[in-house]
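Here is the structure we will look at.
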Amino acid sequence: MLVAFSVAPGTAGPDGSVHDAVAKAVRIVRESGLPNRTDAMFTTIEGEWDEVMAVVRAATDAILEISPRASLVLKADIRPGWSGELGGKVERLERALEGPGAEEDR
């Protein structure tokens, strides 16, 4: 499964930023050993249900260590029997963009 999630403290720092707290959560994801990717809005992680949800929970708990409240947004693509989809989905999209009709789309 793929899980895209965003977790942040309920209150921002004095400058309105949450990046230090989010870095703590992302560090947990990266140390999990599961395939993952972080962009400006979400961190996506790939693995089996229990292992992915354990990492999401640990990342949320890290936020709760420094803030009395956390906000969690989560979206999951559950496709049993598939793996390598963190990159596979993007590769298929890029091939489709380069295929027939690509010139018309530009």
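The values are calculated or read from the model by the stated rules, or taken from the named source; none is laboratory data. Just so it is clear, the model here is predicted, and its values are computed rather than measured. Quick reminder, even Gly has a Cβ in these numbers, built from the backbone with ideal geometry, and neighbours come from all protein chains shown. Each accessible area value is taken on the protein alone, full model and side chains, heavy atoms only, with ligands, DNA and RNA left out. Shrake-Rupley method; radii C 1.70, N 1.55, O 1.52, S 1.80 Å.
Expressed as a rounded percentage, what relative contact order does the chain have, with Cα pairs under 8 Å and six or more residues apart? Don't jump to the answer; show the numbers that get you there.
Working: 140 pairs, mean separation 42.5, N = 106.
After rounding, I find 40 percent.
Over segment 1-71, accessible surface divided per residue gives 59 Å², non-protein components excluded, 1.4 Å probe. Electrostatic tally near Ser83: other residues with Cβ closer than 13 Å to its Cβ, Lys and Arg +1, Asp and Glu -1, net -3. Working note: Karplus 6.51/-1.76/1.60 with θ = phi - 60° gives segment 41-54 the couplings 10, 9, 10, 10, 10, 10, x, 7, 3, 5, 6, 5, 5, 5 Hz, where Gly and Pro are set to x.
Oblate is the label for the chain, because a/c, from the alpha-carbon gyration tensor with a ≥ b ≥ c as root eigenvalues, is 1.5 or above and a/b does not exceed b/c.
Report note on the peptides 78-87, 36-45: ranked by the mean count of other C-beta atoms within 10 Å, highest first, their order is 36-45, 78-87. Here the chain is treated with +1 on each Lys and Arg Cβ and -1 on each Asp and Glu Cβ, and its dipole about the Cα centre works out to around 280 debye. What the phi angles of segment 57-63 give under the Karplus curve with 6.51, -1.76 and 1.60, with θ = phi - 60°, is a coupling list of 5, 4, 5, 5, 4, 4, 5 Hz, glycine and proline written as x.
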